[in-house]
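Below you'll find the structure, written out as structure tokens, and then a few comments.
The values are calculated or read from the model by the stated rules, or taken from the named source; none is laboratory data. Model, not experiment: these values are computed from the prediction. In this analysis, Cβ positions are derived from the backbone assuming ideal geometry, glycine residues included, and neighbour counts consider all displayed protein chains.
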Amino acid sequence: MKNYKSPVYSVRPVPIEKIRANAYNPNTVAPPEMKLLYKSILEDGYTMPIVCYYVPDEDVYEIVDGFHRYKTMKEHKDIYDREGGMLPVSVIEKDLSNRMASTIRHNRARGSHSIELMTNIVQELVESGMSDAWIMKNIGMDAEELLRLKQISGLASLFKDKSFSSAWESDRTIEVELNG
């Protein structure tokens, strides 16, 4: 892409009141790491922007990545006051499926995420029409991991339109064949 400009070159200050969490973040951070994040932001300031997409109908920014940096400001008045209630935001423009994929890629690159929330996201992506190939490519999972997450969900709908071998037959089918 000849004229592509990464979103990070257009970081903007956004009032925290105009930012909201997304409903599909599978990332979790343990209390000791949250304390360290607070200390880091207190000592070094915000060194990485929150990644969001803009929802024009609601005039809000929804987080794709950076929820815990956002949460730190929400929970610590000293950080809020020092920053004037503004968070550095880098905006991406993508449809919902691609935003979910972006959130997961950001989280997986750091190595921690909730299996339950990942399962929910896979379910949502499948139900919105995303193929297994799209999910594996855009979320960075292999076929085995995708299968495991689908199995964990326990929803047969995640396996619709899939062909399976006839390696097994019901007892009734075998009985009919034997008694013919």
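Which of (1) within 30 Å of Ser128 (Cβ to Cβ); (2) at pLDDT below 90 is the odd one out, the single condition Lys71 does not satisfy?
Of (1) within 30 Å of Ser128 (Cβ to Cβ); (2) at pLDDT below 90, only one is false for Lys71: (2).
Would you confirm, using the coordinates I've provided, whether Asn3 is of a type in the set (S, T, N, Q) and in contact (Cβ under 8 Å) with a residue 60 or more places away in the chain?
no
Can you find a residue in region 1-22 that is in contact with an Asp or Glu (Cβ under 7 Å, 6 or more places away or on another chain), closer than 23 Å to Leu149 by Cα and modelled with pLDDT under 90?
Yes - at least one qualifying residue is present in region 1-22.
Can you say whether Ser112 is surrounded by 11 or more Cβ atoms within 10 Å (Cβ to Cβ), under 20 Å from the mean Cα position of the chain (by Cα), modelled with pLDDT under 70 and not in a helix (DSSP H, G or I), as far as the supplied structure shows?
yes
Out of the residues in region 1-51 meeting the condition of being assigned to a loop (DSSP other than H, G, I, E, B) and charged (D, E, K, R), tell me which one is nearest to the chain's Cα centre (by Cα).
My answer is Lys5.
List every residue pair whose Cβ atoms lie under 6 Å apart, where the two residues are 6 or more positions apart in sequence or sit on different chains, the first residue falls within region 117-137 and is touching a residue at least 24 places away in the same chain (Cβ under 8 Å), and the second residue, located anywhere, is part of a helix (DSSP H, G or I) and of a type in the set (Val, Ile, Thr).
Close Cβ pairs (under 6 Å, with a partner that is part of a helix (DSSP H, G or I) and of a type in the set (Val, Ile, Thr)) amount to Thr119/Ile152; Leu125/Ile135.
Show the residue pairs meeting these rules: Cβ distance below 6 Å; 6+ apart or different chains; first residue within region 13-24 and at negative phi; second residue modelled with pLDDT of 95 or more and in a loop (DSSP other than H, G, I, E, B).
Going by the 6 Å Cβ cut-off, the qualifying pairs are Pro15/Gly85; Ile16/Gly85.
Of the residues that sit in region 74-95 and are part of a loop (DSSP other than H, G, I, E, B) and under 17 Å from the mean Cα position of the chain (by Cα), which one is modelled with the lowest pLDDT?
So, considering only residues that are part of a loop (DSSP other than H, G, I, E, B) and under 17 Å from the mean Cα position of the chain (by Cα), the one modelled with the lowest pLDDT is Asp95.
Restricting attention to region 132-151, which residues are out of contact with any Leu (no Cβ under 9 Å at 6 or more places or on another chain) and at pLDDT 75 or above?
Those that are out of contact with any Leu (no Cβ under 9 Å at 6 or more places or on another chain) and at pLDDT 75 or above: Ala133, Asp142, Ala143, Glu144, Glu145, Leu146, Leu147, Arg148.
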